Structure formats: C-alpha cells, structure tokens
Amino acid sequence: VQLQASGGGLVQTGGSLRLSCKAPRAITSVFNSHDMGWYRQVPGKQRELVAEISAGGRTTYADSVKGRFTISRDNSRKTVALQMNNLKPDDKAVYYCNAKEGPSASWGQGTLVTVSS
C-alpha cells in the first residue's frame, strides 16, 4: 500500500494540527483490511507508536497523547487522519503513517511537526 502523508508544520504550544495519510492507489477493500497507524521519530531515538486504528475501528494511543490526539479513518476515501490538539514541545518529531496487515507493513514519507514553546 503506497501512502502519502501531509499536514505537518509549525505550531505554538497549545495549538492544533491535523495530519492526513492517503492511499490513493490502493483498492478500497485492500485499504479496509489494513490496520493504520501514526508513528513519530526524533533524532537519536527509535520510532514510536503514537496512535493506531484497526481495520475494525478499534483505537490505541500512546499514553503521552491520550486525551489530546484522535485517530480516525475514512475507508471510502482511503484516508487516515490524526487530529492533534494541545500540542506540546515534546510532540515535535517527524510523523509517519503506517499500514499493516499481518507481517506486511508499508510506510509513508514523514511529515515534520514542530512545536514552539
């Protein structure tokens, strides 16, 4: 599944951003069968899971973003979004979307989120 991420940028502490990840070339049924997630990475650290939404719609969040971030998917548009509210300087990272089905995984290009204090 080829993924295209967008929506990163610069925001002040307390602000909001919405990331979007599209799979324009995927067959809809194929997209629907994948668990979709957002990960983030800062220099010198491992990529970490931020939020995930399963093919069935079950959501999982990292403790650090619970109550602030919301992941959603629109299967008809083959899109997964990450609404990020009340952003903090620690949220600064490159964010990657991910599509997973069994042992198979695909990554989008990263999108940089910068939060100024």
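The values are calculated or read from the model by the stated rules, or taken from the named source; none is laboratory data. As the structure is a computational prediction, the values presented were derived from the model and not from experiment. With ideal geometry, Cβ positions are generated from the backbone for all residues, glycine too; neighbour counts draw on all protein chains shown. Accessible surface areas use protein heavy atoms only, side chains included; no ligands, DNA or RNA. Shrake-Rupley method; radii C 1.70, N 1.55, O 1.52, S 1.80 Å.
Just checking, which of Ala105, Ala55, Ala99 is closer than 23 Å to Ile27 by Cα, part of a loop (DSSP other than H, G, I, E, B) and not polar (S, T, N, Q)? Unique residue meeting the criteria: Ala55.
Per the listing Ser72, Ser64, Ser54, the residue uniquely within 12 Å of the chain's Cα centre (by Cα) and at pLDDT 95 or above is Ser72.
Kindly state which strands (runs of 3 or more DSSP E) lie completely within the stretch 1-44 and contain at least 3 residues that are open to solvent by 50 Å² or more (accessible area, probe 1.4 Å) and among the hydroxyl-bearing types (Ser, Thr, Tyr).
Details: elements: 4-6, 9-12, 17-22, 35-41.
Passing ranges: none, list empty.
Within the stretch 62-93, the set of residues being open to solvent by 50 Å² or more (accessible area, probe 1.4 Å), free of Cβ contacts under 8 Å to residues at least 24 places away in the same chain and in a loop (DSSP other than H, G, I, E, B) comprises Lys66, Gly67.
The sole residue among Leu112, Leu87, Leu82 that is touching a Gly at 6+ places or on another chain (Cβ under 7 Å) and under 26 Å from Phe31 (Cβ atoms) is Leu112.
Scanning the stretch 12-33 for residues that are over 13 Å from the mean Cα position of the chain (by Cα) and at pLDDT 95 or above yields Gln12, Thr13, Gly14, Gly15, Ser16.
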